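The values are calculated or read from the model by the stated rules, or taken from the named source; none is laboratory data. Keep in mind that what you see is a predicted model, and the values were worked out from it rather than measured. Note: ideal-geometry Cβ built from the backbone for every residue, glycine included; neighbour counts use all protein chains shown.
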Amino acid sequence: MKFLESGTNEFLIIRACALFMFLYGVYLIYFVVSNPGMDYLLWKSFFEGLVIKVFSTLFLISFAVHTWLGTWAIGSDYFTPARLGGFSKIVYVSYRFICFLIVLIVFIWSLIIIW
Amino acid sequence: MSAVIPVSHLQTLRMNIYRFNPSIDDKPYMQDIDIEVPTDKDIMVLDALHLAKVKDPSLSYRSSCREGVCGSDGMNINGKNGLACIMPLSEAIKRNKLTLRPMPGLPVIRDLIVDMKTFFDQLEKVQPYLITKSKNPEKERVQSPQERESLDGLYECILCGCCSTACPSFWWNPDKFLGPAALLQSWRFIADSRDEATEERLDDLEDSFSLYRCHGVMNCVSVCPKGLNPTEAISNIRNKLISRKGS
């Protein structure tokens, strides 16, 4: 079975990405809480560090993969012939295209902002 | 079939029943049938159906053992799947009304009778029988009491279909997602110490749909008339799939 056709791989990838995003979020919250008088300059200098740039990029990759797999699961649940009949294919393809566009735009735009 | 209840205290119960006979009806409709039920003792939903059938003999439903063993009379009782023969009216009735529909997600053959082909096709895929490769022993394949105990809560499934037809994932992908009943049976044989096809069984469940479409809604656990836990069985299979990945 191909790597991406394995339900186990998908299951693990989705959760690993979610865990990484959760830890990244916790670290961001910790940073904000531990700097009560934070201003724009501190915030800017925080995101200028190489390590946080790398981790932010990893966060974005996690977001893109998690969203792509997650929206695929939702789409293949809801937009099925059992629910939508003959329209299911066109609705599903349109939905996937819109998801792809949103993920791509958010990913590239965020990368430009971070780097 | 006797439909007479020998009691003196009776009250009227309105049953609201899904009716559809494809040979004469263009579309399904709900029919009200008033029956007299005893006030001094509890009867089962199946008994109430028998009383309704006296009023309208064209009413169709499946039933057989009338004691929760054969799994024939699974239906949607006031919005929740269950077996009519072991569901007391006192538990089923809401606002003195009893609404009965066929189990959702399967094609209706007539009234409360559904076509369970999809359900049994999915069951067939998990090969619900012992598969052995080693030479047959002289007498039997023995199990320790502990190994036998691990099958408790799995072998009791009566294949009524209440769980699978309450599962949204099964409604949406009935041809791809095996459904809780079939997956419970799959785990029943994976967990069986005498079975020798664990790897092949797990291989068959490795794709994105067969097992992984379970989203943990747990409707299956909520409706199972035998009190079984298909979600736990699915979780056990998933853990097995993940752990063999790491080994």
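Conditions first: (1) within 10 Å of another protein chain (Cβ to nearest Cβ); (2) part of a helix (DSSP H, G or I); (3) touching a residue at least 24 places away in the same chain (Cβ under 8 Å). Residue B:215 passes all but one, so which condition is the exception?
(2)
For the stretch B:218-228, does any single residue satisfy the condition of being in contact with an Asp or Glu (Cβ under 7 Å, 6 or more places away or on another chain), surrounded by 21 or more Cβ atoms within 10 Å (Cβ to Cβ) and within 29 Å of residue B:145 (Cα to Cα)?
Yes: the stretch B:218-228 contains one or more residues that are in contact with an Asp or Glu (Cβ under 7 Å, 6 or more places away or on another chain), surrounded by 21 or more Cβ atoms within 10 Å (Cβ to Cβ) and within 29 Å of residue B:145 (Cα to Cα).
Within the stretch B:165-188, track down each residue that is crowded, with 24+ Cβ neighbours inside 10 Å, within 14 Å of chain A (Cβ to nearest Cβ) and within 17 Å of residue B:114 (Cβ to Cβ).
Hits for the stretch B:165-188 are B:165, B:167, B:170, B:179.
Could you name every one of the helices (runs of 4 or more DSSP H) located completely within the stretch A:1-83 that has at least 1 residues being within 14 Å of chain B (Cβ to nearest Cβ), without any contact (Cβ under 8 Å) to a residue 40 or more places away in the chain and closer than 30 Å to residue B:172 by Cα?
Here the list reads A:7-33, A:50-78.
Could you tell me which of the residues B:203, B:207 is touching a helix residue (DSSP H, G or I) at 6+ places or on another chain (Cβ under 9 Å), of a type in the set (Asp, Glu) and over 28 Å from residue B:92 (Cβ atoms)?
B:207
Going through B:124, B:91 one at a time, which residue ends up being charged (D, E, K, R), at pLDDT 95 or above and either in a helix (DSSP H, G or I) or surrounded by fewer than 16 Cβ atoms within 10 Å (Cβ to Cβ) (or both)? Before you say what the answer is, go through the steps one by one.
On the way: B:91 fails: at pLDDT 95 or above.
Being charged (D, E, K, R), at pLDDT 95 or above and either in a helix (DSSP H, G or I) or surrounded by fewer than 16 Cβ atoms within 10 Å (Cβ to Cβ) (or both) holds for just one of B:124, B:91, which is B:124.
Which condition does residue A:37 not pass, out of (1) modelled with pLDDT under 90; (2) within 30 Å of residue B:237 (Cα to Cα), if it passes all the others?
Failing condition for residue A:37: (2).
Go through (1) within 30 Å of residue B:106 (Cβ to Cβ); (2) over 12 Å from the mean Cα position of the chain (by Cα) and name the single condition residue A:9 misses.
For residue A:9, the failing item is (1).
For residues that are in contact with a Leu (Cβ under 6 Å, 6 or more places away or on another chain) and assigned to a loop (DSSP other than H, G, I, E, B), scanning just the stretch B:48-64, find the one that is nearest to residue B:114 (Cα to Cα).
Among residues in the stretch B:48-64 that are in contact with a Leu (Cβ under 6 Å, 6 or more places away or on another chain) and assigned to a loop (DSSP other than H, G, I, E, B), the one nearest to residue B:114 (Cα to Cα) is B:61.
For the stretch A:90-101, check the following and say yes or no: at least one residue is outside any helix (DSSP H, G or I) and either within 14 Å of another protein chain (Cβ to nearest Cβ) or of a type in the set (Ser, Thr, Tyr) (or both). Before you say what the answer is, go through the steps one by one.
Start the filter on the stretch A:90-101 by keeping residues that are outside any helix (DSSP H, G or I), which leaves none.
No.
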